[in-house]
Amino acid sequence: SGEIATAGALGGVLQVFDAAARQRWSAHLGGRPVRVLFAPDGATVAASLSAAHSIALVRADGGRRLVVVGGAPDGLAFDATGQLLFVGDLALGRVSVVDVASGTVRHRFDVGESAGAVMLIAARSPHGP
């Protein structure tokens, strides 16, 4: 059991389904959503809105926050705590670090020509995995 999130770039709608393909909830976002990702707690879904230069943080209870990151946001990766969201920028070749609680961009760093996909690997302890 689990949930599945989809976002249609053409229709601009975020949809969340259960494992039996029954729609649980949806939110109209606009802005051409191209990526979605559940936060570690499963209560928040992040969506990259490439045409709106923003990411949306959406909750099943209707809570919604838009954070302008600029460029063309694409790849998404939460840290293990769900407090930070890393957002790849396809147009500007940078990664924005978003503070989820405040909805602000904490930091940006350049990564080269393009930053589509983003993956975060947890740091390992020097004492083992």
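What residue among Thr104, Thr81, Thr44 has the largest mean-square fluctuation in a Gaussian network model of the chain, using Cα springs under 10 Å?
Largest GNM mean-square fluctuation: Thr81.
First compute the accessible area of region 15-129 with a 1.4 Å probe, then give the percent of it belonging to carbon and sulfur atoms. Before the final figure, lay out each step's value.
Values: 3370 of 6340 Å².
Carbon plus sulfur share of accessible area: 53 percent.
Modelled label-to-label distance, Ala9 and Leu120, 7 Å Cα→beta-carbon offset: nm?
Placing both labels 7 Å along Cα→Cβ, they lie 2.5 nm apart.
Applying a 10 Å radius around every beta-carbon, put 12-18, 45-51, 30-36, 62-68 in order of their mean neighbour count, most first.
45-51, 30-36, 12-18, 62-68
Could you report the chain's accessible area per residue, 1.4 Å probe, as an integer in Å²?
Numbers: 7160 Å² over 129 residues.
Per-residue value: 55 Å².
Using a Förster distance of 30 angstrom, determine the FRET efficiency expected from the C-beta separation of Ala21 and Ala101, and round it to 0.05. Each step should come with its number before you reach the end.
Numbers: r = 33 Å, r/R0 = 1.09.
It comes to 0.40.
Could you point to the label whose value was computed as Cα extents along the principal axes in Å for the structure here, given (i) 42, 38, 24; (ii) 39, 34, 29; (iii) 55, 29, 20?
This structure yields the entry labelled (i).
The values are calculated or read from the model by the stated rules, or taken from the named source; none is laboratory data. Here the structure is a predicted model, which means the values were calculated and not measured. Cβ sites come from the backbone with ideal geometry, for glycine too, and all protein chains shown count toward neighbours. Accessible surface areas use protein heavy atoms only, side chains included; no ligands, DNA or RNA. Shrake-Rupley method; radii C 1.70, N 1.55, O 1.52, S 1.80 Å.
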